[in-house]
Amino acid sequence: MKRTIIKIDEEKCNGCGLCVQGCHEGALQLIDGKAVMISDLYCDGLGACIGECPVGAIELEKREAEPYSEEAVMERIAPKGEQVILAHLRHLKEHGEIELVKQGVDYLKRHNITVNLQSLHQEKKLGCGCPGSMARELKPVTKAVPVACAGNSELRQWPVQLHLLNPQAGYFQGANVLLASDCSAFAAGNFHERFLKGKILAIACPKLDHNTDSYVDKIRSMIDDAKIDTLTVLIMEVPCCGGLLQMALKAREMATRNIPIKRIVLSVEGEVKSEDWI
């Protein structure tokens, strides 16, 4: 597919590191005094890092980008040396992409590229400096709770905000996805058991979030690239919430696959007003 992605001019880059701090997805790291895109996988193309660059070394370019291929990425970064390769593999590991790490290591073996992988097994702080944005697949935790208390969490991954989500993350592959408005979990007391159980979660607010155009492409990528099975859109009865459903429908229209979309509308009291497949 053709998508917008950042491009770094290594000649202009002075290694200040401000762009690394501005990259919430952790796609950038400083290697040997230069800003380096460690993986296209986590570049959302929004250009948050551009405003951080004092020397104008970063720009956006639109180019053809196939659904993420570890083979292609390794081929691109291998000539840059061991430190870049290790940073890339560590980046994947920190974001929970263990299968992609295995593919990267297999590439090194097949091409007889010698890299000391010992540091890959050591704990490292995220290059983005924001542990809260690290992708994680969560295991259900079952606890005995009093009847008066809430039930167990059904959340299966982190993060959940659509701006932070990578639509090609492993937990999206073939998944049933719940796209919920920010307010819905607060209105529905049984949100986890009734709506979230067995699904991967994405939350968004069509009224308050910025750059919601990127949401449409992320949902489309979930449909085409991650090949999600179904999409449930949970919204409130207030008019502005309808924008979330329109994004989902537009994404399906743009996608090459056609998947079932369920619309669930909640009242402000948390009751289900309507539920149907569209």
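Once all Cα-Cα distances of segment 142-278 are split into 5 Å bins that start at 0, what whole-number percent is in each one? Per 5 Å bin, starting at zero, the Cα-Cα P(r) for segment 142-278 comes out as 2, 11, 21, 24, 20, 13, 5, 3, 1, 0 percent.
The share of accessible area on segment 184-270 that comes from carbon and sulfur is 53 percent, using a 1.4 angstrom probe. Amide H contacts of Thr232: Val177, Leu178, Leu179, Lys262, each under 5 Å away and 5 or more positions distant or on a separate chain (H built 1.01 Å from N in the peptide plane; Pro and chain starts excluded). For segment 157-222, the equivalent ellipsoid derived from the Cα gyration tensor has semi-axes of 19, 17, 8 Å, listed largest first. Between amide H atoms placed 1.01 Å from N, distances below 5 Å from Leu266 occur with Ile235, Met236, Glu237, Lys273, all of them 5 or more places distant or on a separate chain. Using only Cα positions of segment 223-278, each an equal point scatterer, no hydration layer, compute I(q)/I(0) via Debye at q = 0.23 Å⁻¹ and quote the log10 values to two decimals. Rounded to two decimals, the profile gives -0.87.
The values are calculated or read from the model by the stated rules, or taken from the named source; none is laboratory data. These numbers were taken from a predicted model, which means no experiment stands behind them. The accessibility values were calculated without ligands, DNA or RNA, using every heavy atom of the protein model including side chains. Shrake-Rupley method; radii C 1.70, N 1.55, O 1.52, S 1.80 Å.
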